[in-house]
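Q: If you scroll down you'll find the structure; I have some questions about it.
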C-alpha cells in the first residue's frame, strides 16, 4: 500500500516538533529544577485533577450513547468507556487517529457501522468546538480591558483599530466569497462551515438533547476544574494566578494539544507563556504545565492500556 508524503509528514512533524519543544523547555528550566517541583508538589491536588479528568472521559462515553441511540444502537457502556480511553491513547502516538479507532472499536464489538459511529464522533467534535468558542468569548469579555491594554502597550492603538476594521471587512468579503463558492478551497471551507451548522442544529433536534447538552457542559466544566485544582499542587502559585490567567492558559493549553502528540513539549510552554502575561513567575508556571500534562498523560496511558487489554476479555462471550 502506497503511503503519501503528506500523510507521513502529518505523523512525523508533530513528533519532531514535540521533541524540539521538550528540549527547548528543559534548556530554559533545567530538568533538575523541574524534578524538584515534582518532588515537593502536593499530590492530593494532582490526584483530584486526575479524578476530574476521568469524570470528563466517563461523561464523554455516556454522551456518546445519546448520539447512537436514535440510529437504533445501544452499545454497552463499558465498551463505550474503553473505546474513549483507547482513542485518547492512540492520539498520543498519531494525532487524530483515535477518532477512527474509537469508531472501529464499536464496529468490532457492538456492530455499529464504522461510518455511522465516526459520524457521531464528528458531531461530538462540533459540539465541543462550539463550547470552546463560547469559553473563548467569555474570556475575551472578562479580560477585555487586560487584552486591550496589552495590545495598546505593544502596538499603536490607531493601527489596532484599522486592523480590526480590516478584519471585519475582510470577514464580510470572505463570507460573500465562500457563499458563492462552487469549487476549490473556498468550497471546502463552505462545506466545513455547513457541516458545523448542520451538526449544531442536529443536536437541538435530538430526542435526549438536554442530556447531551448537560454532559457537554459537564465535560468542559471538568476540563477547567482539573486545570484549576492542579494549580494548588505548586506552592509557589498559591494566590498568584488570577481567574483571567487560568482561562487564558487553559485555552492556550487546549490549542497546544492539537499541535503536537497530546501537547508534548508545547503544553507547558503554552501554559507558562499565558501565565507570564500576568507576571506570574516562569519557573513554577512551566513546572505546573509539566505536572498538569504528565498527570493527565499518565492517566490516559494507564487507563487506555488497561482498556486495550481488557476490551477483548470483556467481550469474549460474544
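What follows is calculated from the coordinates using simple rules that are stated; it is not laboratory data. Small disclaimer: the values here were computed from a predicted structure and weren't measured. FYI the Cβ positions are ideal-geometry reconstructions off the backbone, even for glycines, and counts take in every protein chain you see.
Q: Can you give me the C-alpha center-to-center distance between the stretch 63-107 and the stretch 203-279, rounded to a whole angstrom?
A: Using only Cα atoms to place each centre, the spacing works out to 23 Å.
Q: To continue, here is another question. Can you give the FRET efficiency to the nearest 0.05 for residue 141 and residue 313, using r as the Cβ-Cβ distance and R₀ = 51 Å?
A: 0.55
Q: Let me ask something additional. Using a cut-off of under 18 Å, list every residue of the stretch 222-241 whose amide N is near the label point 7 Å from the Cα of residue 55 along the Cα-to-beta-carbon line.
A: The answer is 222-233, whose backbone nitrogens lie closer than 18 Å to the label point.
Q: With only alpha-carbon atoms counted, please give the Rg and Dmax of the stretch 26-89, in Å.
A: For the stretch 26-89, the Cα-based Rg and Dmax read 18.3, 55 Å.
Q: Could you work out how much longer the chain between residue 301 and residue 133 gets when fully extended? Use 0.36 nm per residue separation minus the Cα distance between them, nm to one decimal.
A: The residue 301-residue 133 span can extend by a further 57.6 nm.
Q: Now a separate question. If you take the beta carbon distance between residue 47 and residue 168 as r and set R0 to 51 Å, what does 1/(1 + (r/R0)^6) give as a FRET efficiency, to the nearest 0.05?
A: After rounding to 0.05, the efficiency reads 0.65.
Q: In units of 2.2 N^0.38 Å, what is the alpha-carbon radius of gyration of the stretch 238-278?
A: Values: Rg = 10.2 Å, N = 41, 2.2 N^0.38 = 9.0 Å.
Its radius of gyration relative to the 2.2 N^0.38 Å reference: 1.13.
Q: Additional query: Sort 314, 218 so that the residue with the fewest other Cβ atoms within 10 Å of its own Cβ comes first and the one with the most comes last.
A: Final ranking by Cβ density, sparse to dense: 314, 218.
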